[in-house]
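In what follows, a structure is listed as structure tokens, so that the remarks can point back to it.
The values are calculated or read from the model by the stated rules, or taken from the named source; none is laboratory data. Please read these numbers as outputs of a predicted model, since none were measured by experiment. Here the Cβ positions follow ideal geometry from the backbone for every residue, glycine too, while neighbour counts run over all protein chains shown. Side chains included, ligands, DNA and RNA excluded: accessible areas come from the protein's heavy atoms. Shrake-Rupley method; radii C 1.70, N 1.55, O 1.52, S 1.80 Å.
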Amino acid sequence: MTPRLCRPLFPWDELADSPSLQAIHALLASIPDQRLLHLLDQRRHHGCDKYPVRVLWGCLLLAILLRYPSMQACLDELRRNAGLRLLIDIEREQDVPHGWNLSRFLAVLGQQPFQTELVAIFDAMVRHLGETIADLGRHTAGDSTALSGRAEPDDRRRAQEVVQGLPQPSGGRKEYLDDDGKVTKIVEWFGYKLHLLVDAKHEVALAYHLTDTKAGDNEEIEPLLAQAQANLPEGRIHSMAYDKAADDIKVHALLHEQGIKPVIHNRACWPKEGEQEKAIGGRIPLHVVHDEAGTVYCYDTSVPPVRRAMSYMGHEKDRETLKYRCPAHVEGFPCAAQERCNAGKAYGLTVRVPQSLDQRRFPAIPRATTQFERLYKGRTSVERVNGRLKVFWGLDDGNVVGSRRFHAHVGAVMIVHLAFATQLAKQQQNEGSFGKMKL
């Protein structure tokens with residue numbers, strides 16, 4: 001009997017270029033936006049209601065999820081397509097709003113309390129997925145990406161954005177270095193930085209934060225982690241993969257305190273011309289050393305002495321130590337120091353390295369292990385999510401003016417991302433049929 005073919009839970013590569021009206025209706029219905037619309041209605045009081053807030057909000061969502069190159073292109077399509085208009089409660093062609101109406105609506109969405117409510121909708125959708133999917137958020141990955149933006153030209157409104165606490169667009173620059181420390185690539189932009197924490201397996205965003213270009217990645221991990229933990233069941237996050245920008249003692253201490261295993265490559269801080277290894281010290285023999293990445297080695301007594309990586313035996317959580325054993329005893333090869341190290345020991349020389357010596361060097365998952373490499377490959381998931389947000393849903397087109405509008409646009413795109421995730425998770429996973437051939 002042949003097994004059924006099974007697709008991933010979130011088949012992002014199968015998103016339809018032209019979804020049906022029924023699919024669009026399901027996407028819009030999956031967004032818990034009732035409180036946001038109620039707050040927007042209250043703000044209007046007895047003012048002009050020619051274009052209801054539900055219509056303006058629907059136009060914004062349609063422009064994102066249908067991937068129109070501009071807001072005006074979406075409004076033009078609404079004037080032509082009666083079926084699409086009815087999805088967002090527009091009955092007549094003349095009731096379709098204009099571009100300047102959407103621009104003002106974005107500026108309002110970027111104010112309080114509506115900006116906070118956008119984040120609350122995102123959090124509610126993540127919580128719904130986290131309660132339904134047992135492994136969502138178990139292995140996470142984080143990164144930041146550059147977003148192009150334009151400053152608010154009006155001085156008064158720009159001052160109001162600063163008072164509100166919104167970061168202003170600024171010039172950013174990022175250098176990429178090779179193993180020798182030489183600059184291989186330079187990226188410059190004007191705008192913001194988007195910090196993301198995503199599920200490494202399902203490629204679903206769990207938390208996001210928008211900052212100016214000067215904010216360091218390591219500085220934003222704590223608020224990202226706090227938001228993700230609030231959105232997921234307690235103890236759900238097991239590991240977090242990040243690039244070298246997060247290799248900071250405060251980050252490692254935070255993850256250690258939260259019981260999360262860091263999967264972070266170390267930054268090269270030791271001088272290249274100086275000492276390349278150090279003795280662990282304490283009660284551990286002097287011929288047992290470690291390098292800058294925290295890999296533990298031992299030397300035999302041959303001439304010249306041979307250095308070999310010790311066999312990693314696991315993380316002892318209760319003791320907060322990493323356990324290593326003699327590689328010759330574990331792997332069964334001859335060693336000149338066999339009698340000196342392993343005499344009278346059934347399991348050979350055993351070394352326990354306390355993580356308290358240096359949490360950057362000795363994380364719960366050592367860097368020189370296949371488990372670390374496997375989990376670190378999951379970091380590419382956040383890059384794919386960034387690509388969809390920036391290219392697929394137009395987050396990086398650089399046409400949004402002002403910090404308020406930009407924050408509202410980012411919030412709407414993140415909500416659309418989770419709406420697609422919700423619909424993808426509802427699709428049938430098995431395809432094909434059981435085979436009919438018998439032995």
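What's the total number of residues in region 76-94 that are open to solvent by 50 Å² or more (accessible area, probe 1.4 Å) and in contact (Cβ under 8 Å) with a residue 24 or more places away in the chain?
Adding up the residues that qualify gives 1.
Condition (residue is more than 17 Å from Leu60 (Cβ to Cβ) and either surrounded by fewer than 17 Cβ atoms within 10 Å (Cβ to Cβ) or over 18 Å from the mean Cα position of the chain (by Cα) (or both)) applied to region 104-113: is it met by at least one residue? Explain how you work it out, then say what you get.
Step one: list which residues in region 104-113 are more than 17 Å from Leu60 (Cβ to Cβ), which gives 112-113.
Among the residues that remain, those that are also either surrounded by fewer than 17 Cβ atoms within 10 Å (Cβ to Cβ) or over 18 Å from the mean Cα position of the chain (by Cα) (or both) are: 112-113.
Yes: region 104-113 contains one or more residues that are more than 17 Å from Leu60 (Cβ to Cβ) and either surrounded by fewer than 17 Cβ atoms within 10 Å (Cβ to Cβ) or over 18 Å from the mean Cα position of the chain (by Cα) (or both).
Mind listing just one residue for me: the one in region 40-56 that is of a type outside the set (D, E, K, R) and in contact with a helix residue (DSSP H, G or I) (Cβ under 6 Å, 6 or more places away or on another chain) and, of those, nearest to Trp393 (Cα to Cα)? Even if it seems obvious, please write down each step before you answer.
So in region 40-56, the residues of a type outside the set (D, E, K, R) come out as 40, 42, 45-48, 51-53, 55-56.
With the extra rule that they be in contact with a helix residue (DSSP H, G or I) (Cβ under 6 Å, 6 or more places away or on another chain), the set shrinks to 40, 51, 53, 56.
Details: Leu40: 25, Tyr51: 25, Val53: 22, Leu56: 18 Å.
For region 40-56, the residue satisfying everything is Leu56.
Quickly run through region 145-196 and pick out the residues that are surrounded by 20 or more Cβ atoms within 10 Å (Cβ to Cβ), touching a residue at least 60 places away in the same chain (Cβ under 8 Å) and over 17 Å from Gly398 (Cα atoms).
Across region 145-196, the qualifying residues are Glu161, Leu166, Leu196.
May I ask you to say which residue of Gly402, Gly398, Gly411 is open to solvent by less than 20 Å² (accessible area, probe 1.4 Å) and modelled with pLDDT under 90? Write out each step before concluding.
Working: Gly402 fails: modelled with pLDDT under 90; Gly411 fails: modelled with pLDDT under 90.
Result: Gly398 is the single residue among Gly402, Gly398, Gly411 that is open to solvent by less than 20 Å² (accessible area, probe 1.4 Å) and modelled with pLDDT under 90.
When you scan region 220-232, do you find a residue that is open to solvent by less than 50 Å² (accessible area, probe 1.4 Å) and more than 25 Å from Pro167 (Cα to Cα), even just one?
Applying the first criterion (open to solvent by less than 50 Å² (accessible area, probe 1.4 Å)) to region 220-232 yields 220-221, 224-225, 227-228, 231-232.
After this cut, where a residue has to be more than 25 Å from Pro167 (Cα to Cα) as well, the list is 232.
Scanning region 220-232, I find at least one residue that is open to solvent by less than 50 Å² (accessible area, probe 1.4 Å) and more than 25 Å from Pro167 (Cα to Cα), so the answer is yes.
Can you tell me which condition Gly387 does not meet? The list is (1) modelled with pLDDT of 90 or more; (2) open to solvent by 70 Å² or more (accessible area, probe 1.4 Å); (3) part of a helix (DSSP H, G or I), and all the others hold.
Status for Gly387: all satisfied but (2).
Each row is one residue, and each column tells you yes or no for (1) at pLDDT 90 or above; (2) out of contact with any Leu (no Cβ under 8 Å at 6 or more places or on another chain); (3) of a type in the set (Phe, Trp, Tyr).
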| position | (1), (2), (3) |
| --- | --- |
| Glu273 | no, yes, no |
| Pro285 | no, no, no |
| Val303 | no, yes, no |
| His315 | yes, no, no |
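Could you tell me which residue of region 359-372 is most open to solvent (accessible area, probe 1.4 Å), considering only residues that are assigned to a loop (DSSP other than H, G, I, E, B) and hydrophobic (A, V, I, L, M, F, W, C)? Let's see the steps before the verdict.
As a first pass, look at region 359-372 and keep what is assigned to a loop (DSSP other than H, G, I, E, B): 359-369.
Those still in the list that are hydrophobic (A, V, I, L, M, F, W, C) too: 362, 364-365, 368.
Values: Phe362: 5, Ala364: 13, Ile365: 3, Ala368: 71 Å².
Checked region 359-372; the qualifying residue most open to solvent (accessible area, probe 1.4 Å) is Ala368.
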